[in-house]
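Let me begin by presenting the structure, written as structure tokens, before commenting on it.
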Amino acid sequence: MGLGIIKNDTVVVIRGKFKGARGRVLHVDPKRERAVVEGINRRIHHERVNPQTGQGGRVEKEVPIHLSNLALLCPKTDRPTRIRMRLTEVQAAGGKRKVVKERISVRAERELGETVVIPSKWKL
């Protein structure tokens, strides 16, 4: 995933019909480079009546939006920001070396939370 947007991030739409709208990411599809954002890009889907529940009709659903149309909101400045990845070497229990991958806000130069431990067998 090129843009580093993950589930539960708060994003803002920077292009298109919903420009300026903010929402929380519900799902990311890295293969298709799309994300489902809460309250953004809603479409009406017509569903057939289900014989078990007896319900059907018009249902409003969020559909995926391309990641290039989204920007992550910096939690410190509350403005759109880009994401930079930083690799940091840390000492784990037992003296083993671990490499941690962190997401960094370009605007505020601070960590955005989740870190990923990279296996030591990977060559960096």
Next on the checklist: From the mean inverse distance of alpha carbon pairs (Kirkwood) and the Cα radius of gyration, derive Rg over Rh for the chain.
Outcome noted: 1.13
Item to check | trypsin sites (Lys or Arg not before Pro) within segment 36-70, DSSP loop, no more than 14 other Cβ atoms inside 10 Å | outcome: Arg48
Checklist entry - Can you count the Lys pairs in the chain whose Cα atoms are under 20 Å apart, with each pair 8 or more apart or on different chains? => result 12
Item to check | Stokes-Einstein D for segment 14-58, Kirkwood Rh over Cα pairs, 10 °C, 1.306 mPa s (µm²/s) | outcome: 121 µm²/s
Checklist entry - Where the accessible area of the chain is counted over protein heavy atoms with a 1.4 Å probe, how much of it, in %, is carbon and sulfur? => result 48 percent
Item to check | For Arg82, distant residues with modelled amide H under 5 Å away | outcome: Val106, Arg107
Checklist entry - Hey, got the dipole for the chain? About the Cα centre, +1 on K and R Cβ, -1 on D and E Cβ, debye to the nearest 20? => result 360 debye
Checklist outcome for this item: Karplus-derived 3J(HN,Hα) from phi for segment 43-54 (6.51 cos²θ - 1.76 cosθ + 1.60, θ = phi - 60°), whole Hz, x at Gly and Pro, runs 10, 8, 10, 8, 10, 6, 5, 8, x, 6, 9, x
Item to check | Positive-end extreme of charge dipole, the chain - chosen from Ile65, Ile6, Ile104 (charges on Cβ) | outcome: Ile104
Checklist outcome for this item: Hydrodynamic calc, segment 24-90: Kirkwood Rh from Cα pairs, then Stokes-Einstein at 4 °C with viscosity 1.567 mPa s, so D in µm² s⁻¹ is 86 µm²/s
Checklist entry - Ranked from the most accessible area to the least, with a 1.4 Å probe and all protein chains present, what is the order of Asp9, Asp78? => result Asp78, Asp9
Checklist outcome for this item: Restricting to Cα pairs under 8 Å and 6 or more apart, the percent relative contact order of the chain works out to 18 percent
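The values are calculated or read from the model by the stated rules, or taken from the named source; none is laboratory data. For clarity, every value in this text was computed on a predicted model and none was experimentally measured. Cβ atoms come from the backbone with ideal geometry, glycine included; neighbour counts cover every protein chain shown. All accessible areas refer to the heavy atoms of the entire protein, side chains included, with ligands and DNA or RNA removed. Shrake-Rupley method; radii C 1.70, N 1.55, O 1.52, S 1.80 Å.
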